[in-house]
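One structure below.
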Amino acid sequence: MRTLIFGAGAIGQWLGALLHSSGTPVELFGRPGMAAKLAQAGGIVLCDSSPLALPFLSDPREIQGRRFDTVICTVKTYAVEDALRDLRKAEVSFERLVSFQNGWGSEEHYRDVFPSLPLWSATTTRAVGVEPDGRLLPSNKGGLAVAPWGTEDGIPECFKKVKIPLIKVERGIDLKWSKLLLNLIGNATGAVTGLAPAGLAQNPRLMRTELLLAREALAVGRALGARRVNLPGFPVVALSEALERLPLKVVAPLIGTRLRGARGDKLPSLFFDLEEPTRPTELDHLNGAVVTQGQRLGVPTPKQKALVDLFHRCRSRPEVWSAVRNQPDKMMEYV
């Protein structure tokens, strides 16, 4: 039976192509503007390969009353509630639901809207770049990870034959917080300073601040009961233990090397939320989640809170961002 990918941006398109290549019948649902772009290109284009013409739907009437085996929701975290409402309104029938978001807090919305359905979280550690012409440039490093939010055994059928590394994690909470730790490092600080990971790694003071921020997130995760788990290409357990136990001057080069290798000169995703401050941002589901969970659990997160506050000031007051952009020392005065 078919899989529906709901929210076919870059990650949704890449995932659709990946599942299709492993023999899973896939349909994608996304915005009309994206449907038009793909129609013009002849389909999804990965690197310089020929276009892959997967079924792409953009009108809710096209999925009205349809039946699928699995729905994978790949919208941004802040758009999950609207996406689930649209799925409910369209009366789409399916047996399994997969949350494919970075950040923290979306799964409770899945449970609220579809409480009786088996739910998994999935994520990728494989970066997917997008060229101006719409071509997707997936990295050849990293892979997928999948974890249940209940007592479900195994993983959804559509993931079983994928041709990239895949890890099955025992619990959704462990998968989500471990991936959150990866998403935090170099993201908000890189956005505020305008520095790519390679630039961050070359600044010892900034790296020290980065690691102190990460220690706050580790402390909150421990209080939350989330176990660290390794993800494809990323030894999260060893890196976390090094962060907690070793002097910062020892662990900073290790983390810096990982930063350069993973994302290099690519600006972090949150940078574009400052560049276009009218669009929604995932910050409150990343660094903001560390702050809110820390407050709930009684774990101090003063540096994360200061960074979140500074980020929102940069969004609302461009002159503040101008003052700290490309000047890490000024950012560190705030954090």
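Here are the numbers:
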| item | result |
| --- | --- |
| Percent of beta bridges antiparallel (DSSP, the range 101-174, rounded to nearest 5) | 75 percent |
| Carbon plus sulfur fraction of accessible area for the range 4-153, probe 1.4 Å, in percent | 51 percent |
| Debye, to nearest 20: dipole size of the range 57-191, +1 on Lys, Arg Cβ, -1 on Asp, Glu Cβ | 380 debye |
| Accessible area per residue in Å² at 1.4 Å probe, computed on the chain | 45 Å² |
| GNM top mover of Glu27, Glu107, Glu152 - the chain, alpha-carbon springs below 10 Å | Glu152 |
| For the chain, calculated [θ]222 nm from helices alone, where every DSSP H run of n ≥ 4 adds -39500 (n - 2.57) | -13500 deg cm²/dmol |
| The chain, dipole about Cα centre (Lys/Arg Cβ +1, Asp/Glu Cβ -1), debye to the nearest 20 | 700 debye |
| About the Cα centre, charge dipole magnitude for the range 235-280 (Lys/Arg +1, Asp/Glu -1 at Cβ), debye | 220 debye |
| Max mean-square fluctuation residue, GNM over the chain, Cα-Cα springs under 10 Å, options Pro132, Pro204, Pro32 | Pro132 |
| Stokes-Einstein translational diffusion, the range 134-249 - Kirkwood Rh over all Cα pairs, 0.692 mPa s, 37 °C, in µm²/s | 206 µm²/s |
| Relative compactness, the range 235-335, computed as alpha-carbon Rg over 2.2 N^0.38 Å | 1.20 |
| FRET efficiency, Glu170 to His20 (Cβ-Cβ, R0 30 Å, nearest 0.05) | 0.60 |
| Inverse mean reciprocal Cα-Cα distance (Kirkwood Rh) of the range 1-106, Å | 13.9 Å |
| Diffusion constant of the chain at 37 °C, which comes from Stokes-Einstein with the Kirkwood Cα-pair radius and 0.692 mPa s, µm²/s | 159 µm²/s |
| Computed label-point distance, nm, for sites Arg317 and Arg245 using a 7 Å Cα→Cβ extension | 4.4 nm |
| Förster radius 56 Å - calculated FRET efficiency between Thr151 and Glu131 (Cβ-Cβ, nearest 0.05) | 0.85 |
| Rounded to 5, percent antiparallel among DSSP beta bridges of the chain | 30 percent |
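The values are calculated or read from the model by the stated rules, or taken from the named source; none is laboratory data. In this text, all values refer to a predicted model and were calculated from it rather than measured experimentally. We place every Cβ from the backbone using ideal geometry, glycine too, and count neighbours over all the protein chains shown. For accessibility, only protein heavy atoms count, side chains too; no ligands or nucleic acids. Shrake-Rupley method; radii C 1.70, N 1.55, O 1.52, S 1.80 Å.
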